[in-house]
Amino acid sequence: MLSPLPFRRLWRTSAAFAALAPGLALAQTAPATAPAATAPPAATDAAATDATDTATSDATADTSASDVASIVVTARRQAERAQDVPLAVTALPSAVLTQTNAYDLADVQNLVPDLTAYQSNARNSSLGIRGIGVSSAADGLDTTVGVYVDGVYLGRPGMALEDIVDVTQVEVLNGPQGTLYGRNSAAGVVNITTQAPSFTPRIDFEGSYGNYNFEQIKASITGPIVDDVLAARLTVFDTHRDGVLPNTFNGLSDNSIGRYGARLQFLYTPTPKLSIRVIAEYSAENDTCCVSVLKSTLPTTFSKSTEATFEAFSALGYNPVASTNFTQINAPQDMLTDQHSVSVEADYDLGWAKLTSISAYRYWRFDPLQDSDGTPLDILQVNVAQTQDNQYTQEFRIASNPGRLSWQAGVFLFSEDLYDHYILNQFGYQAGAFYTDYLHFDKGAPLTPGVSIAAGSQYVGVTQVGEDSEAVFAQANYKILDNLILTAGVRYTNDWKHGITNTGVNGTPYTATSILFQDNAGVAGNNVSYLGSLSYKVTPDVMAYISYSTGYQAAGLNLNAAPAPGKSIILDPEDVTDLEGGVKSTFFHDRVLLNFDVFSEYLTGLQANISPPTGKSYLANVGDIESEGVEVEGDWTVAKGLTLSANGSYDHAYYTSYPDAPPPVGVLGAPSNQNLTGSQVYQAPKWVANVLARYEWQLTDKVAPYAQIQYTYRSSVYGDVQESPGAVISGYSLVNARIGAHFGDRYDASLWVDNLANQVYFQNLAAASITGAGAYGFSGALGEPRTFGVTLRAQF
């Protein structure tokens, strides 16, 4: 196998060339007096930026069905009406995000069908679309759902957890995106575009205050530095909130929010043919996110190890009580992350085509403290995964001008270096007594001499992962007839990944849970993904389409747990095929919009995290999946000022083959494995529904009140791969409401309440256990309780 080093040298050489390319292009630009063959794209982009900035940031913005029908997306790396794109894409312009108080991806999932945002901490988070993609964010895995910000791929899921601030639009593309997007995304893409610098001076400010001392400030300022040549934009944000989960051990509250950051941009248009956008960004998190509560306890008769765990707890004075009202963790909970990035996008008009280069570097660090045992006892004090990740991406694209045949082609390069220092377990002063009691009750071991563990002893590990990916791609649209378009695309991807893990001990940890291992493995592979679709304009307002596409997620490495005997630490790639068809339509002069699609996706080799009743969780290919369903999206302008929006999905995601699944937790007499063929995939709701009603009227020339209500429903899902009955996350409904008013064209004030009914619901659920002992219940992180507050906006 070829060494990856030449590829890394190639990437860094190309990145250096990309950094010089804008200057070279400028040096070769024709004199300003030379006639242009087509309308100058850079100038057009600048004008569009001003128009978009004004429209989407307007404090008085409202969104009707006609507005939705005219939304422009870049889902296919070119600007086109969403209604003309032959794929399932939901676009959320900034006005919708503002109206619904959506400022992170967990909020976005309540506005689109078939998107699931999963988070157990700032590192272990992931996204799923159509029941595919919700897996562990492990060091040796890529993301199944690709997240892109201003054309830059985010290699780690935690990078996407910052506030969504000062954006033009969020687009969610359902189904594999295996041709045009940088990394080959097996389940779909979340494409975020931020507001670009504008040559029209403007200041936007938003401040909010709510219960639990919620405080949020978002502000941006933009304008020219040199008229029509250089513009800048500065965006800042700060979101803080006290904890909402009482901690009865220390009298404090957990699950607070603390995020802040800034984004500085420059837009340089030295000639009508050349446009350069530079974005530098910094963001950080410092809070007590993601503390779990105990949902239920297991009967002591479940197993000998469960009975022994309860007896050992009791000997130390602790009797677990299931409650969603409090936590009792005794160790500090502190989620610390920070990231910074810089990207340069250069667009150059060749006359007959447009050349684009996007060069980017991003650094992400995760440095947490979190309670390992989830109890008030000092058995396992903390679990730490100090992660540092450096990634580099480079993309070159060339796209033809519109015509009967339009096309684009490109090259994508990705390089990532990840370093992770783990404190897998740090043992507390009660660890020796707990394991002594546990072994006595479980195996009849004597209480003396017992297990001797010095407080502060550690089981540690260091993981390093290097990854390179190179791809070439092309896609073309051909107008067979004026209303009949054939689209075809292909991508070749080459991936290489290498990982090393070394474990060790400090002090005298519990040897039964501190198994020393060393991993040193690499995997290389390649893939050809393709797309074919046919779209037909039945009328100017009705389009029908059918498509067949494939996607791919690279092979993974199980680097964070001791490998099972006889098991490889290499996970096979995920391969996805998708057949779908749909209709996009508007009626009554764009007052009604109705889109729907039906799909059938097939995935082989789902990569997922398995948590056994005893022992440490591990990664594996868990089975093949079929995901079949329907997605619907509608908007109706009922009358002037009154709009109704709704979307939803039915998704039957099930295992077509999973005959040797691990046993469920909490089921008496369960065999050592089970056959889950035909069963529902975990974290995949069958039913999702989102409804938004908004009414706005003109009270006076200067005052325009509004009122809106938002409803979200998600059906029940399994929280673990094993489909344990105790890990069922019940279906739930959420209601949000807002009333307010626009004051002229500059000011807006509103009162809002989220989760109006104070619905108690879980975001995730899994077996609760002490490493080296038995499962004793099920625990998970709760969704947000009822919150309310006031928001003031102004623009100048």
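For the reader, a short list of remarks on this structure follows.
So that you can scan it fast, the table gives a plain yes or no per residue for (1) within 35 Å of the chain's Cα centre (by Cα); (2) farther than 18 Å from Gln177 by Cα; (3) without any contact (Cβ under 8 Å) to a residue 24 or more places away in the chain:
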| residue | (1), (2), (3) |
| --- | --- |
| Gln408 | yes, no, no |
| Tyr422 | yes, yes, no |
| Tyr429 | no, yes, no |
| Asp437 | no, yes, no |
| Glu467 | yes, yes, no |
| Ala488 | yes, no, no |
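- Looking across Val528, Val576, Val592, one residue alone is modelled with pLDDT of 85 or more, over 22 Å from Asn675 (Cα atoms), surrounded by 17 or more Cβ atoms within 10 Å (Cβ to Cβ) and out of contact with any Gly (no Cβ under 7 Å at 6 or more places or on another chain). It is Val592.
- When Thr300, Thr337 are checked against the criterion of being under 30 Å from Ala455 (Cβ atoms), without any contact (Cβ under 8 Å) to a residue 12 or more places away in the chain and either assigned to a strand (DSSP E or B) or out of contact with any Lys or Arg (no Cβ under 9 Å at 6 or more places or on another chain) (or both), Thr300 stands alone in meeting it.
- Within region 207-249, considering residues that are part of a loop (DSSP other than H, G, I, E, B) and free of Cβ contacts under 8 Å to residues at least 40 places away in the same chain, the one surrounded by the most Cβ atoms within 10 Å (Cβ to Cβ): Asp242
- Boolean, Tyr361 is of a type in the set (Phe, Trp, Tyr), open to solvent by 10 Å² or more (accessible area, probe 1.4 Å), in contact with a Phe, Trp or Tyr (Cβ under 9 Å, 6 or more places away or on another chain) and within 30 Å of Asp150 (Cβ to Cβ): yes
- Residues of region 765-796 that are open to solvent by less than 10 Å² (accessible area, probe 1.4 Å) and assigned to a loop (DSSP other than H, G, I, E, B): Leu765, Ile770, Ala773, Gly774, Ala781.
- The listed residue being among the hydrophobic types (A, V, I, L, M, F, W, C), part of a strand (DSSP E or B) and either surrounded by 24 or more Cβ atoms within 10 Å (Cβ to Cβ) or at pLDDT 90 or above (or both), out of Val165, Val189: Val189
- Being open to solvent by less than 20 Å² (accessible area, probe 1.4 Å) and under 30 Å from Gln430 (Cβ atoms) holds for only one residue in Thr501, Thr508, Thr487, and it is Thr501.
- Only listed residue being buried (at least 19 other Cβ atoms within 10 Å of the Cβ), touching a residue at least 40 places away in the same chain (Cβ under 8 Å) and in a strand (DSSP E or B), chosen from Gln722, Gln708: Gln708
- Any chance Ala684 is within 26 Å of Leu87 (Cβ to Cβ), open to solvent by less than 10 Å² (accessible area, probe 1.4 Å) and not acidic (Asp, Glu): yes
- Yes/no for Thr501 being in contact with a strand residue (DSSP E or B) (Cβ under 7 Å, 6 or more places away or on another chain) and among the β-branched types (Val, Ile, Thr): yes
- One residue stands out among those in region 610-657 that are open to solvent by 50 Å² or more (accessible area, probe 1.4 Å) and at pLDDT below 80: the one that is nearest to the chain's Cα centre (by Cα), which is Tyr618.
- Residue ID - nearest to Pro86 (Cα to Cα), chosen from residues in region 432-478 that are open to solvent by 30 Å² or more (accessible area, probe 1.4 Å), among the hydroxyl-bearing types (Ser, Thr, Tyr) and outside any strand (DSSP E or B): Ser452
- Considering region 612-698, the qualifying strands (runs of 3 or more DSSP E), each wholly inside and each with 3 or more residues that are free of Cβ contacts under 8 Å to residues at least 60 places away in the same chain, run over 624-639, 642-657, 687-696.
- Residue count for region 725-764, restricted to those that are open to solvent by 40 Å² or more (accessible area, probe 1.4 Å) and on the phi > 0 side of the Ramachandran plot: 1
- Those residues of region 381-404 which are more than 29 Å from Pro157 (Cα to Cα) and outside any strand (DSSP E or B), in sequence order: Asn401, Pro402, Gly403, Arg404
The values are calculated or read from the model by the stated rules, or taken from the named source; none is laboratory data. Being a predicted model, the structure only gives us computed values, none of them experimental. Positions of Cβ are generated from backbone atoms using ideal geometry, with glycine treated the same way; all protein chains shown enter the neighbour counts. Just so you know, the surface numbers come from the protein's heavy atoms only, side chains and all, with ligands and any DNA or RNA stripped out. Shrake-Rupley method; radii C 1.70, N 1.55, O 1.52, S 1.80 Å.
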